[in-house]
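Shown next, in structure tokens, is the structure this report addresses.
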Amino acid sequence: MWLRIQRLNQQRFVLTAKDCSTFVSAVCVHQLHTSSTEPASSSYNGLYPGHIHTTPIQKALLAVGSGVAALRDPYRHDMVAVLGEATGHFALINLRDRMRNDPEGYTILTERPRIRLSTIDVAKMASLPEGSFGREYVRFLEDNHVTPDSRADVKFVDDEELAYVMLRYREVHDLMHTLLGMPTNMLGEVAVKWFEAAQTGLPMCAFGAALGPLRLNARRLQTLVTSLGPWALRNGLRARFVLNIFYERRWEQSLEDLRQELNIEPPPVILSAAKKMST
């Protein structure tokens, strides 16, 4: 089924419900073209670099297309990112307000820290004592062959502060894996999504939590339903709000102490890092 949507320059192009990659690419190209013709001193719509304005109808189409694409391939992180931005407006307002009402969260909103290879000292963190949060985070990155630089920039959130909240959520996602002791295989990702859905209320997290189990084999599905799932939901509901933690100031803290501070139980099942495509 073909869905026709209007580009920002009033030209029309076609988007399949199977994959909204073409739509995203076309809008990005249009934005780059628009930005290149504007004076250097101006900012796009007065919001933030890279922002792409979309109408409610366009956001709905983005949500449908990216949701289908993400369901077909959960490791299409670009489509997962688009889904989160297209559906997360009201949840992001709630997350932003919770950060504003917490001293540490307010500091994060004010200082706007980033978790990138250019902003963290990986070598120093790797030299921290065993069991420290920073050392365990580096171990997670190494064991799962991931990098903090893989997180996409925000494009479709029509508020500068909310865009940062979404970006912060993305950049602490791997820290959630570290806190929860979950690898990046499908079972680990689904368990983290159950925790994040309870914590954040983001529709994207609920989508992943609900449909992710469909990709698990019988043995891992049983582990999720009987053990990891209830643990993730319980801890997501009772833990301190994870976006209110200035993790960059906690690298030397022990992982055990940080879990206790956040009211997060250790995982009931220890999962080893595995190839991402295993289910």
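The values are calculated or read from the model by the stated rules, or taken from the named source; none is laboratory data. Just so it is clear, the structure is predicted and the values come from calculations on it, not from any experiment. With ideal geometry, Cβ positions are generated from the backbone for all residues, glycine too; neighbour counts draw on all protein chains shown. SASA here: full protein model, heavy atoms, side chains in, ligands and nucleic acids out. Shrake-Rupley method; radii C 1.70, N 1.55, O 1.52, S 1.80 Å.
Some points to look at:
- Taking the range 209-250 as the range and being over 23 Å from Ile108 (Cα atoms) and among the aromatic types (Phe, Trp, Tyr) as the test, only Trp231 passes.
- For Gly212, the stated conditions hold: it is surrounded by 16 or more Cβ atoms within 10 Å (Cβ to Cβ), under 26 Å from Ile93 (Cβ atoms) and under 19 Å from the mean Cα position of the chain (by Cα).
- Scan of the range 207-230 for residues that are under 12 Å from Ala191 (Cβ atoms) and touching a residue at least 40 places away in the same chain (Cβ under 8 Å), ordered by number: Gly208, Gly212, Leu216, Arg220, Thr223, Ser227, Leu228
- Of all residues in the range 102-128 being of a type in the set (Lys, Arg) and either under 30 Å from Leu187 (Cβ atoms) or within 21 Å of the chain's Cα centre (by Cα) (or both), the one that is surrounded by the most Cβ atoms within 10 Å (Cβ to Cβ): Arg114
- Search result, residues across the range 197-254 that are within 15 Å of Met182 (Cβ to Cβ) and of a type in the set (A, V, I, L, M): Ala197, Ala198, Ala209, Leu216, Leu224, Leu228, Ala232, Leu233, Ala239, Val242
- Yes/no for Arg220 being out of contact with any strand residue (DSSP E or B) (no Cβ under 6 Å at 6 or more places or on another chain), assigned to a helix (DSSP H, G or I) and either open to solvent by 20 Å² or more (accessible area, probe 1.4 Å) or under 23 Å from Tyr137 (Cβ atoms) (or both): yes
- Some residue of the range 114-124 being over 27 Å from Ile270 (Cα atoms), acidic (Asp, Glu) and not in a loop (DSSP other than H, G, I, E, B): no
- Only listed residue being surrounded by fewer than 16 Cβ atoms within 10 Å (Cβ to Cβ), of a type outside the set (Gly, Ala, Ser), under 24 Å from Asn101 (Cα atoms) and in contact (Cβ under 8 Å) with a residue 60 or more places away in the chain, chosen from Phe241, Phe246: Phe246
- Scanning the range 229-238 for residues that are buried (at least 17 other Cβ atoms within 10 Å of the Cβ) and out of contact with any Phe, Trp or Tyr (no Cβ under 8 Å at 6 or more places or on another chain) turns up just one, Trp231.
- Of the residues making up the range 86-101, those that are open to solvent by 10 Å² or more (accessible area, probe 1.4 Å), in contact with a Leu (Cβ under 9 Å, 6 or more places away or on another chain) and in contact (Cβ under 8 Å) with a residue 60 or more places away in the chain number 7.
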